[in-house]
Amino acid sequence: VTTDDLRTLLLDVLSDVAPETDPAAVDPTEDLRDELDLDSMDELNMITKVSERLGIDVPEDDYPKLRTLDGAVAYLADRVGAPAG
Amino acid sequence: VNPHCIDGPCGDGPLWRTRSVVAARAGSRRSSLSTSELARAAAIGHPAARARFVAGRTLLRELLAESRPTLAEEGIELVVERSGRLRVVGHDELQVSVSHTHGLVAAATWCHGPVGIDVEPLGRAGLPSGETWLTLGEQHQLAELAADERREWLLRRWVAKEAVLKAVPSRTVPRRCIEVASDGRHAVTVDEAGVPELANQTLTLHWHVIADRHLVALAH
């Protein structure tokens, strides 16, 4: 799994949680809650789906680290040991 | 505008209010927001999220001004602390909370300790799997419910826990360590095994259903 794979996975999950999402339009540095109109339930659904697909547990204390696309990619890359690319 | 106002139990003004986002947007008085709030609103990319932010802050200012006649809406300075909690600058005795959902915002203020409010549509679907956010005791309760009782039961637990999370000072308690009493009137913090913590925090819960469409929980 590379960082590009993680970004694709996250956008796929976001498309599921927020079906109106246009993956190409997501600003990777913006707070996903503000950009995609996600609330806390959407956020937990997103993290649960990502956790299941990667087979990892994300503690609730770490949820704020996944609030931007870039932040989520960096956090997950660290957790699964993904190389860049 | 269709405000719902519940007076506080101590005769010290309104405790919480809700308002339709559509109505608030149509009648919003953005001038009551501070320069930093207007900048924050402008930076919010999604129009619905932006409208809810403006509606929430406007409603909170109205509620604070109504609760404390010495406060003018335009003079109220709100800051977001590192924990994510909102603070009224210069009025540490006033605790506040705002919740936004599709079509509705809710605001609460309380001068006797921390307060948290949450609102969700009663028909909200897509609740996360209970294993990730229910206590062990709640998971056992859920297993004993009939299938047609589970969705509303889960929604009530979710709304209560969100309100409690906003009210607990540290806001670092995992959802699966907040246990809502079976009667829904209180919530306590428990450890991962479901045992109440020695220094557990007990919060009182209040409930209100708005126009048969939204469920509001307030924790203090």
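The values are calculated or read from the model by the stated rules, or taken from the named source; none is laboratory data. What you see is a predicted model; the values in this text were computed from it and never measured. Reconstructed Cβ throughout: ideal geometry from the backbone, glycine too, with neighbour counts over all protein chains shown. Ligands, DNA and RNA are stripped out before the accessible areas are found, and what is left, the full protein with its side chains, is counted by its heavy atoms. Shrake-Rupley method; radii C 1.70, N 1.55, O 1.52, S 1.80 Å.
Restricting to segment B:40-90, give me the number of residues that are surrounded by fewer than 17 Cβ atoms within 10 Å (Cβ to Cβ), within 14 Å of chain A (Cβ to nearest Cβ) and assigned to a helix (DSSP H, G or I).
Matching residues across segment B:40-90 total 4.
With the condition kept exactly as written, say whether any residue in segment B:168-175 is open to solvent by 50 Å² or more (accessible area, probe 1.4 Å), within 18 Å of the chain's Cα centre (by Cα) and within 10 Å of another protein chain (Cβ to nearest Cβ).
Yes, some residue in segment B:168-175 is open to solvent by 50 Å² or more (accessible area, probe 1.4 Å), within 18 Å of the chain's Cα centre (by Cα) and within 10 Å of another protein chain (Cβ to nearest Cβ).
Look at segment B:124-145 and say how many of its residues are modelled with pLDDT of 90 or more and open to solvent by 10 Å² or more (accessible area, probe 1.4 Å).
9
Restricting the search to segment B:109-123, which residues are surrounded by 23 or more Cβ atoms within 10 Å (Cβ to Cβ) and within 14 Å of chain A (Cβ to nearest Cβ)?
Matches in segment B:109-123: B:G116, B:I117, B:D118, B:V119, B:E120.
Condition first: assigned to a helix (DSSP H, G or I) and either open to solvent by less than 70 Å² (accessible area, probe 1.4 Å) or at the interface with chain B (Cβ under 10 Å from one of its Cβ atoms) (or both). Now tell me which residues in segment A:1-15 satisfy that.
A:T3, A:L6, A:L9, A:L10, A:L11, A:V13, A:L14, A:S15
Give me the residue from segment A:21-45 that is in a helix (DSSP H, G or I) and hydrophobic (A, V, I, L, M, F, W, C) and, out of that set, nearest to B:I44 (Cα to Cα).
Checking each candidate, the answer is A:L32.
Suppose the filter is within 23 Å of B:H206 (Cβ to Cβ) and small (G, A, S); does B:G130 pass it?
Criteria not met by B:G130.
Can we say B:V119 is modelled with pLDDT of 90 or more and either touching a Lys or Arg at 6+ places or on another chain (Cβ under 6 Å) or farther than 25 Å from A:V50 by Cα (or both)?
It is true that B:V119 is modelled with pLDDT of 90 or more and either touching a Lys or Arg at 6+ places or on another chain (Cβ under 6 Å) or farther than 25 Å from A:V50 by Cα (or both).
Among the candidates A:V58, A:V50, single out the residue that is in a loop (DSSP other than H, G, I, E, B), of a type in the set (A, V, I, L, M) and surrounded by 15 or more Cβ atoms within 10 Å (Cβ to Cβ).
From the options A:V58, A:V50, the qualifying one is A:V58.
Applying the selection to segment B:131-156, what residues are within 12 Å of chain A (Cβ to nearest Cβ), within 18 Å of B:V190 (Cα to Cα) and assigned to a helix (DSSP H, G or I)?
Scanning segment B:131-156 gives B:E131, B:T132.
In segment A:22-37, how many are open to solvent by 20 Å² or more (accessible area, probe 1.4 Å) and more than 8 Å from chain B (Cβ to nearest Cβ)?
Summing the residues that are open to solvent by 20 Å² or more (accessible area, probe 1.4 Å) and more than 8 Å from chain B (Cβ to nearest Cβ) in segment A:22-37 gives 7.
Do you know which residues across segment B:91-103 are open to solvent by 10 Å² or more (accessible area, probe 1.4 Å) and either within 12 Å of chain A (Cβ to nearest Cβ) or of a type outside the set (A, V, I, L, M, F, W, C) (or both)?
Selection gives B:H91, B:D92, B:E93, B:Q95, B:H100, B:H102, B:G103.
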